[in-house]
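Undergrad: Mind having a look at this structure? Questions to follow.
The values are calculated or read from the model by the stated rules, or taken from the named source; none is laboratory data. Since the model is a prediction, treat every value here as computed from it, not as a measurement. Heads up, the Cβs are rebuilt from the backbone with ideal geometry, glycines too, and the neighbour counts pull from every protein chain shown. Side chains included, ligands, DNA and RNA excluded: accessible areas come from the protein's heavy atoms. Shrake-Rupley method; radii C 1.70, N 1.55, O 1.52, S 1.80 Å.
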Amino acid sequence: MTEDERAGGPSASPSDGEGRAQAPAGGGAWDCDDSAELYRIEKWGEDFFRVGDNGRLTVKTRRDSHHSIDIYDVVMGLGDRGISTPVMIGFPELVERRMEDMAAAFAAAIEENDYQAGYTAVYPIKVNQHRQLVLQIEKHGRQLGFGLEVGSKPELLAVMALTAGAEDRLIICNGFKERRYIHHIMLATKLGRRVVAVIENLDELELILEESVATHVRPHIGIRLKLDSPSTGRWRDSTGEKAKFGLTIPGVLLVVQRLADAGMLDCLELLHCHMGSQISDIQVVNAGLAELTRVFVELQGMGANLSFIDVGGGLGIDYDGSQTNSDFSVNYSLEEYANTVVYRIKSVCDDAGIGHPTIVTEAGRAMVGHHSVLVFDVLGCNRLDRWALDSASARREVDAVGAPRVLNDLLDAYSSVEPDRLLEAYHDAHQAREEGLTHFAVGLFDLAKRGLVDRLFWSTCLEIVRLAVDLDPMPEELEELKLRLSDTYFCNLSVFQSLPDSWAIDQVFPVMPIHRLDEEPTRRATLVDITCDSDGKIDRFIDEVDDMTPVLPVHELRAGESYFLAVFLVGAYQETLGDLHNLFGDTNLVHIRSNGEGGWNLEDVVVGDTVAEVLGYLEYDPRVLLEAMRRDCELAVRAGRLSVADSREVLQSYEAGLAGSTYLE
């Protein structure tokens, strides 16, 4: 990357023809409030994130504090401690705030609706299984009466140990279960844990009955119901008769009859459903609750000892800040969600004349999504406007190569750019460029002329976009042209490892710089990672008008100065779904807690994968690799290709490489 390339990137703001961004029409000094509005922080930030007076992004970890943590200061402090970007920064106090907000929202709804039972949340550890985070949730959850949810045998074994001494905590066991999984549930019950085995399919029922007899345990049993009520959003197909988990009504009736025959109907304590993930529309919740509670009422009438109604997950996050029912947003608040759940369950139970059950939610995304921020550095950029020519320079360049007709046509198109003929000038330039490419393909143009074709064409396009900035509406071709002129910023991360949902399901996350926010971001860029996969990019961003855009407003890169971007709301799923594309491993992970005085303390560090560790995952033994290199170096010394000193340097470098980060250092 040259110094020129590090110093800037392509521009979607007006250019003077030589790639330098100009001030926007209307003038006025840029300030931090402009950046906050541009990146829509108040829309998606939930009052957690804001721009400080110094132009840096801050996080307010506690509602009762006037102090905020400067994220740029954290990154610099981590660097001083040898912890480099990319880094996943977790703020556990944000998780605690979300847990408290959930408890408060349901407490208020229970009081307002005169609901005669309580509320508890269980955290599904699949959402983010990092040990320190789960420990913090378990610890803070003790104060709020919250429990944990597991979906597999390994998760249950982890939670059994983490909840030692907390016999009253609710542990819900979902997921497919074989005999050993169920055996562990029985043993955990013997230990005093309140573990609910949720039946997902009929085979599990027989295993539960057999293990109950073998272990002399009367288990706590739940049923997951397949809802007929449709869901919305990206996971709309996770409900209905073809849903992966749960029982249809005939299956539920069979379970009730079988438990009654075994004298264990009193063990059926919980009814559960899954309405979908990231539910964007509150009406989906309303409809699902009505169906779930009606089944609950009927089962009570059949003698089931139901005391818990588990509405599952689905409480969404407003990723794009639009506050709509788009796939990346929600059209309701936490308070409206709580009121809807409480009111709907109460009304159905009251109509049936039965008592109110304890309400359970499994809203993991809403609990932990906000707490993690992925910060990475920009390595450099590609920009088209660095090749731009002014009119006089263009004339000299064309004359210097003999002024062939095609280049003269391009020069004429460049000279003809006027506000009233922008499309015509673009069409002329495009046609001349196509002809120039053909000349090169058949050998009529050498490489120098081929390069000049591109420089003239892009110079023309930059001038067209500069003059088109005030067009309303802008012609579609010129909108597309503006995007073609945008920069490509090369970023030190792997999308596949750290943002797998961005690649796999086109999930949109808020992205923005963490500093220089008192400066106007005059460039527009797509972001690409350091993998060798063309899908390793981020090209869907939130814009200022509740829409998506393929380019992000960014600042000019400055030679010798780091530029940091961050992705927000990545605390759910992203840290545990990543893969090893190109053998890029886990990033560094840190947990930061406020010191109450505007500063911060480094609470926990999980060092990212080394090259040796990643290779070991795929059965490359680093010791065997090093020994192979040692033998090769010795052979090279014998053959005279390396000196002994050279051989030592090769081996030392190789060892250091194995011990180093998989990311660029």
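Undergrad: Criterion first (of a type in the set (A, V, I, L, M, F, W, C), open to solvent by 30 Å² or more (accessible area, probe 1.4 Å), closer than 23 Å to THR522 by Cβ and in contact (Cβ under 8 Å) with a residue 40 or more places away in the chain) does VAL469 satisfy it?
TA: Criteria met by VAL469.
Yes or no, residue by residue, for (1) within 18 Å of LEU78 (Cβ to Cβ); (2) surrounded by fewer than 16 Cβ atoms within 10 Å (Cβ to Cβ); (3) of a type in the set (A, V, I, L, M):
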{"site": "PHE568", "(1), (2), (3)": "yes, no, no"}
{"site": "LEU580", "(1), (2), (3)": "no, no, yes"}
{"site": "ILE592", "(1), (2), (3)": "yes, no, yes"}
{"site": "TYR620", "(1), (2), (3)": "no, yes, no"}
{"site": "ARG623", "(1), (2), (3)": "no, yes, no"}
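Undergrad: For the range 464-490, give me each residue that is touching an Asp or Glu at 6+ places or on another chain (Cβ under 9 Å) and closer than 12 Å to ALA388 by Cβ.
TA: ARG466, LEU485
Undergrad: Here's another thing I want to ask about it. Is one or more of the residues making up the range 549-570 in a strand (DSSP E or B), without any contact (Cβ under 8 Å) to a residue 12 or more places away in the chain and touching an Asp or Glu at 6+ places or on another chain (Cβ under 6 Å)?
TA: yes
Undergrad: Sticking with this one: State the number of residues belonging to the range 639-665 that are part of a helix (DSSP H, G or I) and not hydrophobic (A, V, I, L, M, F, W, C).
TA: The total comes to 9.
Undergrad: Consider LEU292 carefully, then state whether it is touching a strand residue (DSSP E or B) at 6+ places or on another chain (Cβ under 9 Å) and crowded, with 20+ Cβ neighbours inside 10 Å.
TA: Taking the combined requirement at face value, the residue satisfies it.
Undergrad: Follow-up. Quick one: in the range 361-404, of everything that is in contact (Cβ under 8 Å) with a residue 60 or more places away in the chain and among the polar types (S, T, N, Q), which residue is farthest from ASP318 (Cα to Cα)? First the steps, then the outcome.
TA: Our first condition is that a residue be in contact (Cβ under 8 Å) with a residue 60 or more places away in the chain; within the range 361-404, this holds for 361-390, 394.
Add one more test, that the residue is among the polar types (S, T, N, Q), and what stays is 361, 372, 382.
Working: THR361: 19, SER372: 15, ASN382: 32 Å.
Ranking the candidates gives ASN382 first.
Let's see how each residue does on (1) under 21 Å from GLY313 (Cβ atoms); (2) in a helix (DSSP H, G or I); (3) within 32 Å of the chain's Cα centre (by Cα):
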| site | (1), (2), (3) |
| --- | --- |
| THR189 | no, yes, no |
| VAL195 | yes, no, yes |
| ASP203 | no, yes, no |
| SER212 | no, yes, no |
| ILE221 | yes, no, no |
| ARG224 | yes, no, yes |
| SER229 | yes, no, yes |
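Undergrad: Can I ask one more? Select from the range 419-445 the residues that are open to solvent by 80 Å² or more (accessible area, probe 1.4 Å) and farther than 21 Å from ARG484 by Cβ and write down the one among them that is farthest from the chain's Cα centre (by Cα).
TA: The residue in question is LEU444.
Undergrad: Between a residue in the range 290-303 that is closer than 13 Å to ARG344 by Cα and any residue that is at pLDDT below 95 and surrounded by fewer than 16 Cβ atoms within 10 Å (Cβ to Cβ), which pairs come within a Cβ distance under 7 Å, given they are 6 or more apart or on different chains?
TA: Listed by first residue and then by second, the contacts come to GLU291/ASP228.
Undergrad: Right, next: Quick check, is ALA403 of a type outside the set (Val, Ile, Thr) and either surrounded by fewer than 15 Cβ atoms within 10 Å (Cβ to Cβ) or within 29 Å of the chain's Cα centre (by Cα) (or both)?
TA: In short, yes.
Undergrad: Now, a different point. For residues that are touching a residue at least 12 places away in the same chain (Cβ under 8 Å) and open to solvent by 10 Å² or more (accessible area, probe 1.4 Å), tally how many sit in the range 139-148.
TA: 4
Undergrad: Could you figure out which of (1) in contact with a strand residue (DSSP E or B) (Cβ under 8 Å, 6 or more places away or on another chain); (2) buried (at least 24 other Cβ atoms within 10 Å of the Cβ) isn't true of GLY369?
TA: (1)
Undergrad: Under the condition of being of a type in the set (A, V, I, L, M) and part of a helix (DSSP H, G or I), which residue from the range 127-153 is farthest from the chain's Cα centre (by Cα)?
TA: LEU144
Undergrad: Inside the range 426-517, counting only helices (runs of 4 or more DSSP H) that do not spill past its ends, which hold 3 or more residues that are at pLDDT 95 or above and more than 26 Å from VAL51 (Cβ to Cβ)?
TA: 447-468
Undergrad: Can I ask one more? Quick one: count up the residues across the range 171-187 that are touching a Lys or Arg at 6+ places or on another chain (Cβ under 9 Å), on the phi < 0 side of the Ramachandran plot and open to solvent by less than 30 Å² (accessible area, probe 1.4 Å).
TA: So the answer is 5.
Undergrad: Further, regarding this structure: Exactly one of these conditions fails for ALA108: (1) surrounded by 15 or more Cβ atoms within 10 Å (Cβ to Cβ); (2) within 29 Å of CYS173 (Cα to Cα); (3) at pLDDT 95 or above; (4) touching a helix residue (DSSP H, G or I) at 6+ places or on another chain (Cβ under 8 Å). Give me its number.
TA: Checking ALA108 against (1) surrounded by 15 or more Cβ atoms within 10 Å (Cβ to Cβ); (2) within 29 Å of CYS173 (Cα to Cα); (3) at pLDDT 95 or above; (4) touching a helix residue (DSSP H, G or I) at 6+ places or on another chain (Cβ under 8 Å), the one that fails is (1).
Undergrad: List pairs: first residue in the range 591-609 and at pLDDT below 90, second residue surrounded by 14 or more Cβ atoms within 10 Å (Cβ to Cβ) anywhere in the structure, Cβ distance under 6 angstrom, at least six positions apart or on different chains.
TA: Final answer for the pair search is GLY598/HIS67.
Undergrad: Would you mind finding the one in VAL417, VAL469, VAL465, VAL442 that is of a type in the set (Val, Ile, Thr) and touching a strand residue (DSSP E or B) at 6+ places or on another chain (Cβ under 9 Å)?
TA: Among VAL417, VAL469, VAL465, VAL442, only VAL465 is of a type in the set (Val, Ile, Thr) and touching a strand residue (DSSP E or B) at 6+ places or on another chain (Cβ under 9 Å).
Undergrad: Could you tell me whether the range 352-368 includes any residue that is over 25 Å from PRO92 (Cα atoms), charged (D, E, K, R), in a loop (DSSP other than H, G, I, E, B) and out of contact with any His (no Cβ under 8 Å at 6 or more places or on another chain)?
TA: Checked the range 352-368: no residue is over 25 Å from PRO92 (Cα atoms), charged (D, E, K, R), in a loop (DSSP other than H, G, I, E, B) and out of contact with any His (no Cβ under 8 Å at 6 or more places or on another chain).
Undergrad: Based on this model, can you work out whether ASP412 counts as at pLDDT 90 or above and open to solvent by 70 Å² or more (accessible area, probe 1.4 Å)?
TA: yes
Undergrad: If only one of ILE514, ILE530, ILE538 is under 14 Å from the mean Cα position of the chain (by Cα) and buried (at least 19 other Cβ atoms within 10 Å of the Cβ), which one is it?
TA: The match here is ILE538.
Undergrad: Looking only at the range 270-281, decide whether some residue is hydroxyl-bearing (Ser, Thr, Tyr) and farther than 21 Å from GLU336 by Cα.
TA: The answer is no; no qualifying residue exists.
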